[in-house]
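The values are calculated or read from the model by the stated rules, or taken from the named source; none is laboratory data. Because the structure is predicted, anything quoted here is derived from the model rather than measured. Heads up, the Cβs are rebuilt from the backbone with ideal geometry, glycines too, and the neighbour counts pull from every protein chain shown.
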Amino acid sequence: MDVVLLSRLQFAAATMFHFLFVPLTLGLSVLVAYMETKYVRTGDEIYLSMTKFWGKLFLINFAVGVVTGITLEFQFGTNWSRYSIFMGDIFGSLLAIEATTAFFLESTLIGVWVFGWKKLSKKAHALVMWLVALAGSFSSLWILLANGWMQQPVGYVMRNGRAELDSFMAVITNKFGILEFFHMISSAYVLGAFFVMGISAYHLLKKQHIEFFTRSFKIALVFGLVGSLFVAISGDSHGVHVAQVQPAKFAAMESHWETTTQAPIHLLTIPDEKNEKNLIEMGSLPGLLSFLSHHDFNAEVTGLKDIPKDERPPVLLTFLSFRMMVGLGTLFILLTIVGWFKRNRLIESPNYLKIMLLSIPLPYIAIEIGWVLAEVGRQPWIVYGLMKTSDAASPIATSQVLFSLIAFVLLYSFLGAVGFYLIFINARKGPVSE
Amino acid sequence: METVLQSIWFFLWGLLWAVFFMTDGYDFGVGALLPFLGKNDIDKRLMINSIGPLWDGNEVWLITAGGVTFAAFPQVYAVMFSSFYTPLLMILFALIIRGVSFEFRGKIESPGWKKLWDTCIFIGSVAPAILFGVAFANIFQGLPIDANGYHGNLLYLLNPYGILGGVLFLLWFLEHGALWLSIKTPGQLHDRSVATANNVWFGLLGISVLFLIATYFATPLYVNYLSHPILFIVPLITVLSLLGIKFFLIKGAYFKAWFASAATIVSATFFCIIGLYPNMFPSSVDSLYSLTAHNASASQLTLTIMLVVVLVFIPIVIGYQVWAFYMFKDKLSEDDLAYKEAY
């Protein structure tokens, strides 16, 4: 094991763990803000207890998410110092802007929200939650613009042996980052919605707090339905863009080996990376891959064989992540559409409720493998076309990284177990009367 | 022009660290005092709730200091953080367990559970306080950096001057935290906090004097002062505000004492930063290998854009943080603990 591999594993562990909590923060903050607004508008106490119940789960989740985010900002320096020197001029400024314009607001106001129930007017208190939600989304925009730059570097010049900023406008309007942002934020809303629907389903199945959880479920359902459609729409635009600027990733997503026009999608594909072909291709849908990549059934799609071997991402992992992500995304649309028709007789639909309860983990899986696709699919590059991951690590001892990786895994496993356990027992307990 | 911009950024960089020490400093202090001043669960909850609404916003100053180091001085960010790999990760782990402890502690009513998270709060507050002091003292002193990079490790950093820096930071934060508790807590806990602030003050005074003398022998920080004696006004402010803490403590003016402590921390940080200028990660082997504001900065365009961002947004941040601070300045009572949302 070398420093690069260990550092990659450490970054993957830290990021993927952090991202178990971020999407729920983003999605649930909007739902809680909406519930509190309903309370302010209608004066109906049930919306107040909804705000408090879901708010409590939100806060446990927020705590783990926020503290595990700190290490990420510093890991570029500790483990990827060559990368940081090479592109800190651009990447660093996006992180700094994120902290200054968004993260400060979110972290300061969350304290005001928790402790300020009696110190602020009802309207002002609800507004604080909207600002928390907005700041969270704004944070993720900056982070995804930073990631977008690694995927598609723009607005730079090579000078003094590094990438220097040339056009700030180009960096903050980078299409890759903007598309990632819409795709990710709508996925986070889906995750938040499924979380609320799943927990509501549990209580509805037990026939307890029926009014409370029916209303919660319906609010989340609308949110989830709109969100999951938006995930698909933004994902489609994102796919077209990936095909243009990262042909290697796109080809690996479908394990597409030969450059062809009218490229098909096969319902069943088993990639054989070693022999540069697919072992099995069945259920061919002609022209569909061309359509997905260029919105044209006759378009030419670059195959992996036309990309140098040392510039190809790991095909199997990229391929499987993409398939699973799309499959799950489709499932979310179906489940919320079914929900829409059952929305007025949820309590009489125990099977649907059971499915929704069991579906809580699915958006988590979808969002994590979506990131695997984005990041593994970009390999071997750390900055697409500019710098390889293998050239980016810090000149530090392997033993240091090995120890820190072990420490990360132990600490995060413990935190994750406690965090999810607390969310679980509080979710199961249901709303507590005032 | 570029040199001026780099110098402005150097001092902004110092300012962010100073504000971080001033804001997160008191909640580190409160966490470090938790096992000593918190005689029972009510005391402990009062202590934790005294910083409950504010610690998270305070910690973002660290994120911003880190982010600005990355943006304005990418090479310093890269070399400093990879050189200080182990101590930095220890700080981050400490901050992680501390942060979740506040949220987790009250979620299950069991003495063992609370004991676990109290311990985490204590370690998570003491360790960063000491390690930041050790790290900065070593930067002031200069580090073993040659053409092949940095040649130190955690043990190397624990040299006498480094340890002195760690002790100094810990005492700063203990004093700052004890004063905060004097403002925020009632009854016997308040009395114990005042007594602690009074006692720690003597230690802080002694260690500060020792640090000033040691700095003369161990570091080149006084060089800038000797060539521009007017700058001695900064350590003078430190001395005056340090004396001010005691003055206001005796008068029972705890808010003023806390502000004097804040002024001590900010001016003391600036005393060091001014002495360090323009070095950011200096080599003790040969200044050829030192990273400075002038040889390790970002491009002029990035520095300019970031300056605009910081000049617009940092005052806004200060505005709403002062608003939040003002909202939660009042003394806590046991009624506040009955509040369902409290930690």
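Table for the structure above
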{"read-out": "One residue from A:Ser137, A:Ser107, A:Ser84 being at the interface with another protein chain (Cβ under 7 Å from one of its Cβ atoms), touching a residue at least 12 places away in the same chain (Cβ under 8 Å) and of a type in the set (Gly, Ala, Ser)", "value": "A:Ser107"}
{"read-out": "Single residue of B:Ile130, B:Ile145, B:Ile139, B:Ile108 found to be hydrophobic (A, V, I, L, M, F, W, C), over 22 Å from B:Ser283 (Cβ atoms) and in contact with a Phe, Trp or Tyr (Cβ under 9 Å, 6 or more places away or on another chain)", "value": "B:Ile130"}
{"read-out": "Helices (runs of 4 or more DSSP H) (entirely within the stretch B:50-163) containing at least 1 residues that are within 13 Å of chain A (Cβ to nearest Cβ) and within 16 Å of the chain's Cα centre (by Cα)", "value": "B:55-72, B:85-105, B:111-141"}
{"read-out": "Unique residue being within 24 Å of the chain's Cα centre (by Cα), hydrophobic (A, V, I, L, M, F, W, C), over 26 Å from B:Trp323 (Cα atoms) and surrounded by fewer than 20 Cβ atoms within 10 Å (Cβ to Cβ) when the list is A:Leu94, A:Leu57, A:Leu5", "value": "A:Leu5"}
{"read-out": "Residue match in the stretch A:289-310 (condition: more than 24 Å from the chain's Cα centre (by Cα), in contact (Cβ under 8 Å) with a residue 24 or more places away in the chain and on the phi > 0 side of the Ramachandran plot)", "value": "yes"}
{"read-out": "Residue in the stretch A:246-254 that is surrounded by fewer than 17 Cβ atoms within 10 Å (Cβ to Cβ), in contact (Cβ under 8 Å) with a residue 12 or more places away in the chain, out of contact with any Asp or Glu (no Cβ under 8 Å at 6 or more places or on another chain) and of a type outside the set (Val, Ile, Thr) present", "value": "no"}
{"read-out": "Filter result for A:Ala126 (part of a helix (DSSP H, G or I), more than 7 Å from chain B (Cβ to nearest Cβ) and either modelled with pLDDT of 90 or more or closer than 30 Å to A:Leu402 by Cβ (or both))", "value": "yes"}
{"read-out": "Meets criteria (closer than 28 Å to A:Phe182 by Cβ, in a helix (DSSP H, G or I) and modelled with pLDDT under 95) for A:Gly27", "value": "no"}
{"read-out": "Verdict on A:Ile143 being in a helix (DSSP H, G or I), touching a residue at least 60 places away in the same chain (Cβ under 8 Å), more than 7 Å from chain B (Cβ to nearest Cβ) and of a type in the set (Val, Ile, Thr)", "value": "no"}
{"read-out": "Enumeration of residues in the stretch A:337-384 that are surrounded by fewer than 17 Cβ atoms within 10 Å (Cβ to Cβ) and outside any helix (DSSP H, G or I)", "value": "A:Pro380"}
{"read-out": "Pick from the stretch A:422-434, criterion over 22 Å from the mean Cα position of the chain (by Cα) and more than 9 Å from chain B (Cβ to nearest Cβ), ranking: modelled with the lowest pLDDT", "value": "A:Ser433"}
{"read-out": "Residue list for the stretch A:110-120, filter: farther than 14 Å from B:Glu59 by Cβ and buried (at least 18 other Cβ atoms within 10 Å of the Cβ)", "value": "A:Val112, A:Trp113, A:Val114, A:Phe115, A:Gly116"}
{"read-out": "Failed item in (1) part of a helix (DSSP H, G or I); (2) among the β-branched types (Val, Ile, Thr); (3) over 30 Å from A:Asp391 (Cα atoms), with A:Thr318 passing the rest", "value": "(3)"}
{"read-out": "Count - residues of the stretch A:24-78 that are within 14 Å of chain B (Cβ to nearest Cβ), closer than 30 Å to A:Leu6 by Cα and not β-branched (Val, Ile, Thr)", "value": "11"}
{"read-out": "Some residue of the stretch B:15-28 being in a helix (DSSP H, G or I), modelled with pLDDT of 95 or more and in contact with a Lys or Arg (Cβ under 9 Å, 6 or more places away or on another chain)", "value": "yes"}
{"read-out": "Members of the stretch A:408-419 that are within 12 Å of chain B (Cβ to nearest Cβ) and exposed (fewer than 15 other Cβ atoms within 10 Å of the Cβ)", "value": "A:Leu410, A:Phe414, A:Ala417"}
{"read-out": "Selection from the stretch A:403-424 of residues that are β-branched (Val, Ile, Thr) and touching a residue at least 60 places away in the same chain (Cβ under 8 Å)", "value": "A:Val409, A:Ile423"}
{"read-out": "Qualifying residues in the stretch A:385-399 (those that are crowded, with 20+ Cβ neighbours inside 10 Å and in contact with a Ser or Thr (Cβ under 8 Å, 6 or more places away or on another chain)) - the one farthest from the other protein chains (Cβ to nearest Cβ)", "value": "A:Ala393"}
{"read-out": "Residue within the stretch B:300-311 that is out of contact with any Cys (no Cβ under 8 Å at 6 or more places or on another chain), of a type in the set (Ser, Thr, Tyr) and without any contact (Cβ under 8 Å) to a residue 40 or more places away in the chain present", "value": "no"}
{"read-out": "Qualifying residues in the stretch A:157-170 (those that are within 10 Å of chain B (Cβ to nearest Cβ) and surrounded by 13 or more Cβ atoms within 10 Å (Cβ to Cβ)) - the one nearest to A:Glu98 (Cα to Cα)", "value": "A:Phe168"}
